4 protein chains.
Amino acid sequence: MIEIFTTGGTIDKVYFDANSEFEIGDSLIGELLAESNIRDGFAVTGLMRKDSLEMTDDDRAAVREAVGQCGAERVLITHGTDTMPETARALLSVTGKTIVLMGAMQPARMRRSDAVFNIGFAWAALQLLPHGVYIAMNGEVFEAGSVRKNLKAQRFERT
Amino acid sequence: MIEIFTTGGTIDKVYFDANSEFEIGDSLIGELLAESNIRDGFAVTGLMRKDSLEMTDDDRAAVREAVGQCGAERVLITHGTDTMPETARALLSVTGKTIVLMGAMQPARMRRSDAVFNIGFAWAALQLLPHGVYIAMNGEVFEAGSVRKNLKAQRFERT
Amino acid sequence: MIEIFTTGGTIDKVYFDANSEFEIGDSLIGELLAESNIRDGFAVTGLMRKDSLEMTDDDRAAVREAVGQCGAERVLITHGTDTMPETARALLSVTGKTIVLMGAMQPARMRRSDAVFNIGFAWAALQLLPHGVYIAMNGEVFEAGSVRKNLKAQRFERT
Amino acid sequence: MIEIFTTGGTIDKVYFDANSEFEIGDSLIGELLAESNIRDGFAVTGLMRKDSLEMTDDDRAAVREAVGQCGAERVLITHGTDTMPETARALLSVTGKTIVLMGAMQPARMRRSDAVFNIGFAWAALQLLPHGVYIAMNGEVFEAGSVRKNLKAQRFERT
């Protein structure tokens with residue numbers, strides 16, 4: 001069983017014409033998994049709808065608590081990309097689980113998006129990695145504590 | 001020959017992760033027409049990239065001048081929805097042409113968008129309507145000067 | 001009120017891996033109209049699921065009867081492209097209605113398809129054309145009785 | 001460097017209206033990887049365009065030779081799903097490489113497809129699995145020699 005916690009971020013952004021802007025909407029992950037022929041073996045819980053630049057230490061504590069308390073050994077967290085390394089670091093104290101954080105550079109609701117590839121990539125990472133905390137982005141696996149987002153290149157890289 | 005002038009609006013918005021927001025990008029209309037099997041008989045000119053709430057009288061004068069001076073008898077204008085009725089009214093002084101304004105409530109780059117339907121709808125309207133200025137939105141044809149955008153219902157309607 | 005009758009054709013083809021082939025599936029037109037922000041003012045009735053090369057005179061008679069007996073003044077018929085001109089001709093005896101036949105060269109379920117553009121195009125044609133029978137394909141309106149499908153060019157043209 | 005060999009299968013099927021059917025077209029994998037923000041670190045070679053039910057022992061020998069002779073340590077093979085287990089078994093004699101076979105139940109060119117999820121899943125599997133031959137389908141990793149396609153359930157499972 002894979003436990004999925006959604007926290008917001010670009011991946012779940014929706015365009016609202018009334019406001020002439022995007023806002024974080026319902027997570028699309030359940031629908032995308034179903035389209036990809038994955039219909040069971042997971043549960044989705046929405047924890048918050050935050051742009052990761054707006055996440056606070058309290059938010060990260062809430063994520064850590066939810067992850068630590070869930071019964072699953074494999075946990076996927078969808079998250080905004082900007083502060084994904086910080087939340088990953090905050091989860092290092094959780095033991096006995098393989099925890100993978102992922103997100104997307106383009107909302108999943110766009111015609112062209114890295115979201116579905118990233119979900120598939122993370123799905124395999126969850127099954128093959130030993131216990132620990134990881135970021136799965138731009139087709140690579142990074143260990144929490146030694147990864148950062150290179151803002152200029154718009155990619156994640158090892159520190 | 002159909003002359004297409006693009007002015008911006010929701011229809012051409014792109015998501016830029018670096019800025020955590022949507023901005024108006026290149027018009028997608030040429031690509032969408034090609035996907036719909038329409039490859040000739042039209043030309044596309046980008047006039048500006050404005051959210052229609054930011055269009056000024058000078059902008060509308062520029063649109064009117066471009067439309068009035070082009071050789072085509074049929075003109076399609078892609079435009080933000082919020083002030084489409086104002087620009088339509090500003091074009092009433094142009095004679096000898098069928099002018100149709102259209103846009104979309106969801107960017108054409110989204111998986112679910114009204115953009116392509118609206119383009120097809122406007123394409124037929126251009127060929128079947130007599131000279132004059134029209135708005136083609138939510139599957140209806142409206143005459144310039146007697147149409148408004150109902151913000152609450154997020155639809156265009158006759159005044 | 002627009003009455004929509006679906007008869008099959010490429011537009012509604014679905015890929016079935018179990019048979020390693022496509023088959024005509026449920027019509028997608030209701031879902032595509034909803035995605036395009038058109039949610040009412042129409043009804044959809046599935047008449048048959050035929051590749052148009054397999055339509056018989058009895059099939060065309062069934063279509064003519066359904067169209068003639070429906071209460072709507074505007075009727076949209078989705079149809080395979082190969083024998084669309086034949087069915088259009090068979091409908092010329094129906095009076096008091098604007099009848100538009102359309103289909104697509106690529107199934108609506110493909111990422112790149114002319115289906116949605118064609119639906120939007122036909123939607124406008126239905127509202128703007130006088131009573132009669134028409135084919136709306138490749139961004140043009142053709143009158144029944146003077147149109148054929150150019151197999152080599154894969155386009156409709158006037159005869 | 002990941003070496004990608006394409007052999008055909010449902011994943012690369014294209015719809016040809018002229019023939020009223022789906023045929024295997026150019027592999028879409030390079031385009032899908034670019035949309036997913038993966039632009040380097042791999043090469044794509046088309047070996048054949050076969051429905052896997054039509055693959056012969058000679059075809060499998062050709063695949064084995066190409067894989068064995070390439071310089072990469074990680075090899076991805078896109079393949080029809082019906083006889084993927086047979087080709088996987090035929091590759092067991094290749095040493096010193098992590099070889100992952102994948103495909104899709106719905107062509108990558110459909111709006112709803114498992115193709116992109118499967119590519120992302122396989123991309124991670126290639127980086128995390130030890131040398132050997134594997135099938136990556138329906139969100140699971142299977143070892144060559146102990147996997148079959150359950151035709152009724154339309155899923156892969158361990159034997």
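A DSSP coil position with no more than 16 other Cβ atoms inside 10 Å describes the following trypsin sites (Lys or Arg not before Pro) in segment D:39-92: D:R39.
Working note: 222 nm ellipticity from helices only, DSSP H runs with n ≥ 4, each -39,500 (n - 2.57), summed and divided by the residues of chain A, gives -7500 deg cm²/dmol to the nearest 500.
In order along segment C:62-69, the Karplus-derived 3J(HN,Hα) couplings, from 6.51 cos²θ - 1.76 cosθ + 1.60 at θ = phi - 60°, round to 5, 5, 4, 5, 4, 5, x, 8 Hz, and Gly and Pro are given as x. Panel order for D:F156, D:F117, D:F16, by other beta carbons found within 10 Å of each beta carbon, from fewest to most: D:F16, D:F156, D:F117.
Taking amide H positions as modeled 1.01 Å from N, with prolines and chain starts lacking one, the residues under 5 Å from C:F42 and 5 or more places away or on another chain are C:I2. Go ahead and set up a Gaussian network model of chain B, Cα springs under 10 Å, then flag whichever of B:L28, B:L101, B:L126 fluctuates most. Maximum fluctuation in the GNM of chain B, among the listed residues, is at B:L28.
The magnitude of the dipole of segment B:1-65, with charges of +1 and -1 set on the Cβ of Lys/Arg and Asp/Glu and taken from the Cα centre, is near 180 debye. This ranking places A:I38, C:I11 by how few other beta-carbon atoms lie within 10 Å of each, fewest first, which gives A:I38, C:I11. Cross-link check: pairs D:K13/D:K50; A:K50/B:K152; B:K13/B:K50; A:K13/B:K149; C:K13/D:K13 evaluated at a Cα-Cα cut-off of 18 Å; pairs beyond the cut-off: A:K50/B:K152; A:K13/B:K149.
Annotation for segment A:42-92 versus segment A:96-152: alpha-carbon center distance of 13 Å.
Which log10 I(q)/I(0) values does the protein assembly as shown give at q = 0.11 Å⁻¹ under the Debye formula, counting every alpha carbon as one identical point scatterer? Here the Debye-derived log intensity ratios amount to -1.13. Label separation (D:L92 vs A:R49): 5.2 nm, computed from points 7 Å beyond Cα along the C-beta direction. Taking amide H atoms as placed 1.01 Å from N in the peptide plane, the amide H of D:K50 lies under 5 Å from those of D:G8, D:G9, each 5 or more residues away in sequence or on another chain. Each copy carries a label point for A:T159 at 7 Å from Cα along the beta-carbon vector; from one copy to the others these points are 4.9, 5.7, 7.4 nm apart, nearest first.
In segment B:91-155, the C-alpha radius of gyration followed by the widest Cα-Cα span (Dmax) gives 12.5, 38 angstrom. Under a GNM of chain A (C-alpha, springs under 10 Å), which listed residue has the highest mean-square fluctuation: A:A66, A:A136, A:A104? Evaluated over chain A, the most mobile residue of the options is A:A66.
Of all DSSP beta bridges confined to chain A, the antiparallel ones make up roughly 40%. Rounded to the nearest 20, the size of the Cβ-charge dipole of chain C about its Cα centre is 480 debye, with Lys and Arg at +1 and Asp and Glu at -1.
The Rg/Rh ratio for segment A:1-127, using Cα coordinates for both the radius of gyration and the Kirkwood hydrodynamic radius, is 0.95. With neighbours defined as other Cβ atoms within 10 Å of a residue's Cβ, the residues A:T6, C:T95 order from fewest to most as C:T95, A:T6.
Couplings 3J(HN,Hα) of segment D:119-136, computed from phi: 5, x, 4, 5, 4, 6, 4, 4, 8, 10, 8, x, 3, x, 10, 9, 10, 10 Hz, in residue order, whole Hz [Karplus 6.51 cos²θ - 1.76 cosθ + 1.60, θ = phi - 60°; x for Gly and Pro].
Simple rule: put +1 on each Lys or Arg Cβ and -1 on each Asp or Glu Cβ in segment B:2-158, find the dipole, and look at B:F156, B:I77, B:Q106; the Cα lying farthest toward the positive end is B:F156. Charge dipole (Cα centre; +1 on Lys/Arg Cβ, -1 on Asp/Glu Cβ; no other charges) of the protein assembly as shown amounts to roughly 0 debye. What the phi angles of segment C:78-87 give under the Karplus curve with 6.51, -1.76 and 1.60, with θ = phi - 60°, is a coupling list of 8, 7, x, 7, 4, 10, 4, x, 5, 5 Hz, glycine and proline written as x. For A:V147, the residues whose modelled amide H falls within less than 5 Å of its own, excluding neighbours fewer than 5 places apart on the same chain, are A:T159. Using a Gaussian network model of chain B in which every pair of alpha carbons under 10 angstrom is joined by a spring, one finds that among B:M48, B:M137, B:M84 the greatest mean-square fluctuation is at B:M48.
Quick note: the coordinates plus some simple rules give every number you see, no bench work behind them. As the structure is a prediction and not an experimental result, all values here were calculated from the model. Virtual Cβ from ideal backbone geometry, glycine too; neighbours counted across all protein chains shown.
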